[in-house]
Amino acid sequence: MENNRLKDLAAKTVETALARGADSSEVSILTDTEFSVSVRNGEIENLIESGSRRICIDIFVGGRKAVVTSTDISEESIDQLLAEGIELARVMDRDEYAGLPDKNELGAGGGELEMFDDAASSITAVDKIDMAMKLEQVTTAMDARIISDGASCSTVTLTSVLANSLGFCESFDRTSSSISVSCAAEDRPASGENKGKKQSSWWYSTSISFAGLDPVEKVAARTVERTLRKLGAVKPKTCEVPVVFDDVTARQLLSYVASATGGSSIYRKSSFLVDRLGEEIGSPLVTVIDDPLMKGRPGSRPFDVEGVRSRPKTVVNAGTLENYLLSSYQARKLGLKTTGNAGGPSNLYMEAGEHSPDEIIAGVDSGLYLTSMSGPGANWSTGDFSQGAQGIWIRGGKLAEPVSEFTITGTFAKMLSGIVIVGSDLEWRGSINCPTLRIDSMTVSGT
C-alpha cells in the first residue's frame, strides 16, 4: 500500500511539473528505516533508530536541467520545490546531452530478485543488540591477548520509487543486515622495551536477510586470525616479487578498475582506459561482469536510478575491454548506448578460477601475501599505482613472517596483464567482489 501511494505521488509530481512548464521531468522518492547499535566492553556505545524520506525532482526546460530535493514530501513542500526548480532550470546553461533516457530503454528486468526479507520487521531491537553483544563476547573469549575495539549490528529497509514523463513508474524494496567486529592485540617485542604498539583488524558479514548472516563464531574467528597474524611484523627489503592479493585487497583493486570504467571518468578523459574499448587490457584470466539481475545479491536491482532496465554486461572478457559502465548522459557524451549503470556498478565481480588461496600461495617460492592497502596512491587517471601496505611474506610456498610499513607499486596496465592465477574463493560481501589473485611481479619498497 505504501509503495502504491508513493508511486501515485511521484507520478502526480511529474504531471504537475509538466503543467508548470517543464519539457520533461523525473521524480525519485526514497524512504528508509535504519537500526544500528555498536557495543564495546559489554556496554551499548551508540544506538540509532531512524527513518527518513527524500524526494528528488529533475526538471528539463529548453535543454537546461535543474535538480531540487527535499526531505519533506508534503503537497505544500513539493509545490514550492517545483516552482523553484522551474525557475532554476530556465537560467541554467544549456546541455545538449541532458535529458531522460530513450523510452525503449526503460523498464524493470529480472522478475523476483529476492532483495527483500519478509521477516525483517519481526527482528526486534533486543535481537540486534544481543547479536552485537554476543559477537563481541565470542571474539574476546577466543584468545587472552584480544582487546575489543567494539562490535556492531545494523539493519536497513529501503523503498525506491521512480517516475518520469515518458510514462515510467516503478518501485522496489530492499533490506540488508550486517554485523562487524574489530579488535586489537599488543605487539610486544621478543626482547627490549615494550613500546605499547598494537595491531588491529576487523571482519564482518552482510546479507539481504538477518538469518543469512554468518554465525558470530565464524566472524569472530576471522577477526581474531586477521589480528594475531600481524603480531611481530617487520619491514621487508625492497625487491620485486610475485604478489598474492587476498580477497580483501583484490576487491579493492577491482573497485579501482570499476572507477576507471565509469562513464564520467571516460568522458572527462581521467582514466587509463580512455579509448580502449575492444583492446586487450589484462590477462586472459581476467573476466569482469556486472550483473544486476543476480538473485539475492547486495547490488541487485530491476532498473538503475534513471529507470533503465537492468541487464547483465561483460566489462572485461578474457582480458579484452568490452564495455564502460554508462548512464544515459554519459553514453550520449561518448556517442554510445547506456549500459543501465546510472548510479554506478550493480553486482560487479571477477570470475573465479580453479585454485584455492592455499594452492596459489603454495606456488610462490618467495613473495608477498597482501592483506591490506591504504593511501591515495591508486591513480586510475594516469594508471599509476602506489599504496601503503601490510601482509605476510611467503617463503617456500608457505606463509612466514608478517610484514608492514612498506609500499607496493606498479601500474594498472602491468598489474592487470600480470595476473597469472585467479582464485576459486569468490564471496559476496558487497556490490564489488573479487577472489584471491596472483600478479607475477610488483615492486615492494621497504628497507
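Just so you know, all these numbers are worked out from the coordinates, no wet-lab data involved. Small disclaimer: the values here were computed from a predicted structure and weren't measured. Cβ atoms come from the backbone with ideal geometry, glycine included; neighbour counts cover every protein chain shown.
Annotations for the structure displayed:
- Each label was represented as a point 7 Å from its Cα along the Cα-to-Cβ direction; for Glu427 and Glu49 these points are 3.2 nm apart.
- Label-to-label distance, Glu359 versus Ser381, with points set 7 angstrom from Cα along the beta-carbon direction: 4.2 nm.
- Residues Arg311 and Ala211, FRET efficiency given R0 of 35 Å [Cβ-Cβ distance, rounded to 0.05]: 0.70
- Among Glu87, Glu76, a tally of other beta-carbon atoms within 10 Å of each Cβ gives an order, fewest to most, of Glu76, Glu87.
- Least to most buried among Val241, Val274 (fewest other Cβ within 10 Å first): Val274, Val241
- Full extension of the segment from Lys337 to Glu225, taken as 0.36 nm per residue of separation minus the current Cα-Cα distance, would add 35.7 nm.
- Share of pairwise Cα separations in region 2-228, more than 25 Å, in percent: 57
- Each residue in Val422, Val156 was given a count of other beta-carbon atoms within 10 angstrom of its own, and listing them fewest first yields Val156, Val422.
- Local electrostatic count at Val234 - Lys and Arg +1, Asp and Glu -1, tallied over other residues with Cβ under 14 Å: +3
- Charge tally for Ile129 (other residues, Cβ to Cβ under 14 Å; Lys, Arg +1; Asp, Glu -1): -3.
- Against the chain, whose longest principal axis is taken from its Cα atoms, helix 216-228 shows a tilt of about 50°.
- The chain - percent relative contact order, Cα under 8 Å, separation 6 or more: 15
- Think of it as helices only: each DSSP H run of n ≥ 4 in the chain is worth -39500 (n - 2.57), and spread over all residues that comes to -7000 deg cm²/dmol at 222 nm.
- Which labelled figure in (i) 0.93; (ii) 1.01; (iii) 0.96 is Rg/Rh (Cα atoms, Kirkwood Rh), once derived from the coordinates: (ii)
- Nearest 10 degrees, 0 to 90: helix 125-141 Cα axis against the chain principal axis: 20
- Calculated log₁₀ intensity ratio I(q)/I(0) where the Debye formula runs over C-alpha points of region 93-228, q = 0.11, 0.16, 0.18 Å⁻¹: -0.61, -0.85, -0.97
- Label point distance in nm, Thr443-Leu30, each placed 7 Å from Cα along Cα→Cβ: 4.1
- Note on the chain: with a GNM built from Cα contacts shorter than 10 Å, the maximum mean-square fluctuation among Ser154, Ser177, Ser356 falls on Ser356.
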